[in-house]
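Asker: Structure in structure tokens, see below.
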């Protein structure tokens, strides 16, 4: 599908949903930026979870990530907009192997929004920031006229730091690497959909939203020694988008075992009811990790020793044949493609 042919005149919800259309929109926005990186670091063109600014004459580099949070409803099973804004930003820094140190926050509020709701959101932000040991150092607040914004949105910028010699990037997957998922997939997006008005879906399912800091700390030795080649949190577009991004950027094929993918019964049931593919549904507290095969079992043990990673599994491996594709080995013995989604099937999930 071509952005020019299909949708140049209007922006659709799917353009912000983590799939093919979003990639085309980003290319449209960024194609004429004059300077796309600093000191030959990772920049806009790499479309990774963040950018890097290598520091001259130092062994460190700054990692920067930016994110806008437009979730609906703003209070959902397992969290709220404030929790999301900090977790999402910190997790993106962690996926770049950075130590989170600070963030900025811009809050845009619709006229008429209740102070009681705002206080709950701010309290959640502060609580998660304290858990992450990250400072909120700057920000901005704007008020929009009633009816020009749906309640509230938050935009954040995260700042971290890492050693230059640590290379954890989307284009670093190597043949033989094994893929770990740190927990069940699709909980976040499915829980949100079930909680939206008018669907009348009764479930105890909660969002998986959480900091990935505990997992990062557990596998820091492997990160620092470059045994881990790539990490990604499968948010918009779910694991389908994340894995396809890896396959394309690293020019490899990824083979996933359906039997190994942790998937809750509630997620399967709701997705079946609504005609959704759980592989396309967002998670907000999970990580995909590509690990050197000699160290993958040790990394898995360390992840499973954490509370958040107790359900982690090795779900697949990297191969050279049929590059830039993702394959699913099904429970019935067949193989099918996992394609890049057109867009997240559930709007406003992060």
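Asker: Can you find a residue that is part of a loop (DSSP other than H, G, I, E, B), under 18 Å from the mean Cα position of the chain (by Cα), within 20 Å of residue 248 (Cα to Cα) and outside the structural domain of residue 243 (by TED's automatic domain parsing) anywhere in the range 21-28? First the steps, then the outcome.
Answerer: The initial filter retains those residues of the range 21-28 that are part of a loop (DSSP other than H, G, I, E, B), namely none.
No.
Asker: Got a sec? Which of 162, 167 is assigned to a strand (DSSP E or B), over 19 Å from residue 71 (Cβ atoms) and touching a residue at least 12 places away in the same chain (Cβ under 8 Å)? Walk me through it before giving the result.
Answerer: Working: 167 fails: assigned to a strand (DSSP E or B).
Among 162, 167, only 162 is assigned to a strand (DSSP E or B), over 19 Å from residue 71 (Cβ atoms) and touching a residue at least 12 places away in the same chain (Cβ under 8 Å).
Asker: Let me ask something else about it. Residue check: is residue 299 at pLDDT 95 or above, buried (at least 23 other Cβ atoms within 10 Å of the Cβ) and over 28 Å from residue 23 (Cβ atoms)? So that I can check it myself, show each step before the final result.
Answerer: Details: at pLDDT 95 or above: yes; buried (at least 23 other Cβ atoms within 10 Å of the Cβ): yes; over 28 Å from residue 23 (Cβ atoms): yes.
Taking the combined requirement at face value, the residue satisfies it.
Asker: A further question on this structure: Looking at this structure, is residue 187 buried (at least 21 other Cβ atoms within 10 Å of the Cβ) and touching a helix residue (DSSP H, G or I) at 6+ places or on another chain (Cβ under 7 Å)?
Answerer: When the stated conditions are applied, residue 187 passes them.
Asker: Could you say which residue among 137, 153, 159, 74 is closer than 18 Å to residue 216 by Cβ and either in contact with a strand residue (DSSP E or B) (Cβ under 8 Å, 6 or more places away or on another chain) or not assigned by TED's automatic domain parsing to the domain that holds residue 50 (or both)? Can you show your working first?
Answerer: On the way: 137 fails: closer than 18 Å to residue 216 by Cβ; 153 fails: closer than 18 Å to residue 216 by Cβ; 74 fails: closer than 18 Å to residue 216 by Cβ.
Step by step, each of 137, 153, 159, 74 is checked, and only 159 is closer than 18 Å to residue 216 by Cβ and either in contact with a strand residue (DSSP E or B) (Cβ under 8 Å, 6 or more places away or on another chain) or not assigned by TED's automatic domain parsing to the domain that holds residue 50 (or both).
A quick yes/no check of all residues on (1) farther than 24 Å from residue 132 by Cβ; (2) buried (at least 19 other Cβ atoms within 10 Å of the Cβ):
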{"site": "210", "(1), (2)": "no, yes"}
{"site": "213", "(1), (2)": "no, yes"}
{"site": "227", "(1), (2)": "yes, no"}
{"site": "242", "(1), (2)": "no, yes"}
{"site": "247", "(1), (2)": "yes, yes"}
{"site": "257", "(1), (2)": "yes, no"}
{"site": "263", "(1), (2)": "yes, no"}
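Asker: Which residues, taken from the range 39-54, are crowded, with 16+ Cβ neighbours inside 10 Å, farther than 16 Å from residue 248 by Cα and either in contact (Cβ under 8 Å) with a residue 12 or more places away in the chain or not assigned by TED's automatic domain parsing to the domain that holds residue 92 (or both)?
Answerer: 41, 42, 44, 50, 51, 52, 53, 54
Asker: Go over the candidates 161, 209, 154 one by one and state the one that is modelled with pLDDT of 95 or more, in contact with a helix residue (DSSP H, G or I) (Cβ under 8 Å, 6 or more places away or on another chain) and closer than 21 Å to residue 289 by Cα.
Answerer: Details: 161 fails: in contact with a helix residue (DSSP H, G or I) (Cβ under 8 Å, 6 or more places away or on another chain); 154 fails: closer than 21 Å to residue 289 by Cα.
Just one listed residue meets the conditions, 209.
Let's see how each residue does on (1) at pLDDT 85 or above; (2) under 20 Å from residue 99 (Cα atoms); (3) surrounded by fewer than 20 Cβ atoms within 10 Å (Cβ to Cβ):
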site: 3; (1), (2), (3): no, no, yes
site: 24; (1), (2), (3): no, no, yes
site: 61; (1), (2), (3): yes, yes, no
site: 82; (1), (2), (3): yes, no, no
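Asker: A further question follows. Quick check on this structure: which one of 123, 91 is out of contact with any strand residue (DSSP E or B) (no Cβ under 8 Å at 6 or more places or on another chain), modelled with pLDDT of 95 or more, crowded, with 23+ Cβ neighbours inside 10 Å and in the same structural domain as residue 146 (by TED's automatic domain parsing)?
Answerer: 91
Asker: A follow-up question, please. Using the structure shown, decide if residue 200 is surrounded by fewer than 17 Cβ atoms within 10 Å (Cβ to Cβ), modelled with pLDDT of 95 or more and not assigned by TED's automatic domain parsing to the domain that holds residue 92. Before the answer, list the steps.
Answerer: Values: surrounded by fewer than 17 Cβ atoms within 10 Å (Cβ to Cβ): yes; modelled with pLDDT of 95 or more: no; not assigned by TED's automatic domain parsing to the domain that holds residue 92: yes.
Here the answer is no, as residue 200 does not meet what is asked.
The values are calculated or read from the model by the stated rules, or taken from the named source; none is laboratory data. Keep in mind it's a predicted model, so treat the numbers as computed, not measured. Cβ: placed from backbone, ideal geometry, glycine included. Neighbour counts: every protein chain shown.
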